[in-house]
Amino acid sequence: MDKRYLFTPGPTPLPPQVQEALSRPIIHHRTTQYRALFKRVLEGLKQVFQTTQPVLVLTSSGTGAMEAAVANLLSPGDQALVVLGGKFAERWEELCRAYGVTVATVEVAYGDAVDLPRVRAALKAQPGTKAVFATLCETSTGVVHDIQGLAAIVNGTPAVLVVDAISGLGADECQTEAWGVDIVVSGSQKALMLPPGLAFLSLSEKARHLIEQSKSPRYYFDLRRSLKALEDDDTPFTSSVSLVVALDEALKLILERGVAGVIQRCQTMSQATRQACQAMKLELFAKRPSNGLTAIVSPPSVDCKKLIKLLQDRHQVTVAGGQGSMAGKLFRIAHMGYIAPSDLLVALGALELSLAELGYPVTLGQGLGAAQTVFGSVKPASTGAAPAPAHSVRA
Ligand SMILES: *Cc1c(COP(=O)(O)O)cnc(C)c1O
């Protein structure tokens, strides 16, 4: 009976068009019907990735594409540089180690963004570096890193730049080709408004060249197979038909608004959330905040776990807590994909009520008003002309 609201940075709510597509009868993947749809999807993905280079579709969660990138680019003993700064960046290091790759790191404190001169210095110290791994939006801290600046540094070296944009793509600017990012990895369940289960990977020519040379063991995630199949708008193994059919609908929605419009809308929502936090005297965790989510430091007087539980139990508002060492210290509200400005007002209103109930000094309406002011100040075109229906699902 209760309406539920999902504000986690993955999975995110599904548009009704996507839900409808998921319920359609299955079709066979080796048919002209499916081939045509898949071809359209591949073209749409290129627009979202802002590249003319191939984008591969893998059946896995986002991490599968991260692993594919490591296994296909590098051989055991190769040298890689990983830009740290959160749980997801650490995954790059773990993956490299799993494949016997020698890893150097650029340390970044949680909540900070990468200091570019340190990357330049690290690459100078390790001229044999074959790949640099970084993260667009570090979902665990809410930080967006300067990938354009990073690419400018890496492009002057023989190394390839691989970016985890699993939560960033479709929320933060990501000009794959113009910036010169060799591999951009993404996933279905964040800003792309789909259930978990698909991963994506764009490949520059430089990256495709390396793939031919890697001596790492690989089979299902052998991107040579995927690239071969792509010549016929096909996949080497059974395509995740229903998810791809749903992706076709999600891409239509994104391209209807335009990639720039979608990113702009996320930016407005992140501004509104930050203004609301400031009005409520809540501290932000990210020094360079992403458009897709806001990480908020739990005030010392408030039990973070109780706050998250109260939001859930009383208001059916699901937000994410902190991960790893950030557990109990922060909570994260997503504003990407099918989360609309009006939805965000629900989250912020519930947050005020919950904070007040836990004894935090907040005047009801304080944060909401600040967010409303932001939404009220943007032109209708950038908040989206089409009214978005409520995203909640039935319990
Ligand atoms: C969600 C996320 C991942 C993990 O993706 P899975 O789909 O859980 O494998 C990796 N990196 C970032 C930045 C993410 O937000």
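The values are calculated or read from the model by the stated rules, or taken from the named source; none is laboratory data. What you are looking at is a predicted structure, and each value in this text was computed from that prediction instead of being measured. Because the Cβ atoms are built from the backbone with ideal geometry, glycine has one as well, and the counts that use them run over all protein chains shown.
Would a scan of the range 113-122 turn up a residue that is farther than 29 Å from Thr238 by Cα, within 15 Å of the ligand (Cβ to nearest atom) and not assigned by TED's automatic domain parsing to the domain that holds Leu330? Spell out the reasoning first.
If we filter the range 113-122 for residues that are farther than 29 Å from Thr238 by Cα, which is where we start, we get 113-122.
Then keep just the ones that are within 15 Å of the ligand (Cβ to nearest atom); that gives 113-114.
Pick out the ones that are also not assigned by TED's automatic domain parsing to the domain that holds Leu330 and you get 113-114.
Yes: one or more hits.
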Of the residues Thr32, Thr8, which single one is within 16 Å of the ligand (Cβ to nearest atom) and either more than 27 Å from Ile183 (Cβ to Cβ) or surrounded by fewer than 20 Cβ atoms within 10 Å (Cβ to Cβ) (or both)?
-> Thr8
Note on the range 69-83: residues touching a helix residue (DSSP H, G or I) at 6+ places or on another chain (Cβ under 9 Å) and either at pLDDT below 95 or surrounded by fewer than 22 Cβ atoms within 10 Å (Cβ to Cβ) (or both) are Ser75
State which residue is farthest from the ligand (Cβ to nearest atom) when the search covers only the range 170-197 and only residues that are surrounded by fewer than 24 Cβ atoms within 10 Å (Cβ to Cβ) and of a type in the set (A, V, I, L, M, F, W, C).
-> Ala178
Looking at (1) buried (at least 23 other Cβ atoms within 10 Å of the Cβ); (2) β-branched (Val, Ile, Thr); (3) outside any loop (DSSP other than H, G, I, E, B), find the lone condition where Ile153 falls short.
-> (1)
If you take the residues of the range 170-190 that are in a helix (DSSP H, G or I) and in contact with a helix residue (DSSP H, G or I) (Cβ under 6 Å, 6 or more places away or on another chain), which of them is nearest to Val41 (Cα to Cα)?
-> Thr176
Consider Val244 carefully, then state whether it is part of a helix (DSSP H, G or I), among the β-branched types (Val, Ile, Thr) and assigned by TED's automatic domain parsing to the domain that holds Asp78.
-> yes
Checking Val114 against (1) over 17 Å from the mean Cα position of the chain (by Cα); (2) buried (at least 24 other Cβ atoms within 10 Å of the Cβ); (3) under 30 Å from Tyr220 (Cβ atoms), which single condition isn't satisfied?
-> (3)
The range 118-146, residues that are part of a loop (DSSP other than H, G, I, E, B) and either within 19 Å of Leu210 (Cα to Cα) or modelled with pLDDT under 95 (or both) | Gln126, Pro127, Gly128, Thr129, Lys130
Quick one: Lys215 ticks every box in (1) more than 16 Å from the ligand (Cβ to nearest atom); (2) free of Cβ contacts under 8 Å to residues at least 60 places away in the same chain; (3) over 26 Å from Ile254 (Cα atoms) except a single one, so which number is it?
-> (2)
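Here are some residues: Gly349, Gly359, Gly367. Which one is modelled with pLDDT of 95 or more, at positive phi and not polar (S, T, N, Q)? Please lay out each step first, then the result.
Values: Gly349 fails: at positive phi; Gly367 fails: at positive phi.
The conditions single out Gly359.
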Screening Ser202, Ser226, Ser167 for residues that are polar (S, T, N, Q), surrounded by 23 or more Cβ atoms within 10 Å (Cβ to Cβ), touching a residue at least 24 places away in the same chain (Cβ under 8 Å) and in a strand (DSSP E or B) leaves only Ser202
Within the bounds of the range 14-28, is there any residue that is buried (at least 22 other Cβ atoms within 10 Å of the Cβ), within 16 Å of the ligand (Cβ to nearest atom) and within 27 Å of Asp172 (Cβ to Cβ)?
-> yes
Screening Val144, Val103, Val160, Val154 for residues that are more than 16 Å from the ligand (Cβ to nearest atom), touching a Cys at 6+ places or on another chain (Cβ under 7 Å) and of a type in the set (A, V, I, L, M) leaves only Val103
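Counting only residues that are of a type in the set (D, E, K, R) and part of a loop (DSSP other than H, G, I, E, B), which one in the range 14-63 is modelled with the highest pLDDT?
Taking the range 14-63 first, the residues of a type in the set (D, E, K, R) are 20, 24, 30, 35, 39-40, 43, 46.
Filter once more, so that each one left must be part of a loop (DSSP other than H, G, I, E, B): 24, 30.
Details: Arg24: 97, Arg30: 94.
Checking each candidate, the answer is Arg24.
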Residue among Lys46, Lys39, Lys87 that alone is among the basic types (Lys, Arg), surrounded by fewer than 21 Cβ atoms within 10 Å (Cβ to Cβ) and within 14 Å of the ligand (Cβ to nearest atom) = Lys87
Check the range 308-322 and report whether any residue there is at pLDDT below 95, assigned to a loop (DSSP other than H, G, I, E, B), of a type in the set (Val, Ile, Thr) and surrounded by 14 or more Cβ atoms within 10 Å (Cβ to Cβ).
-> no
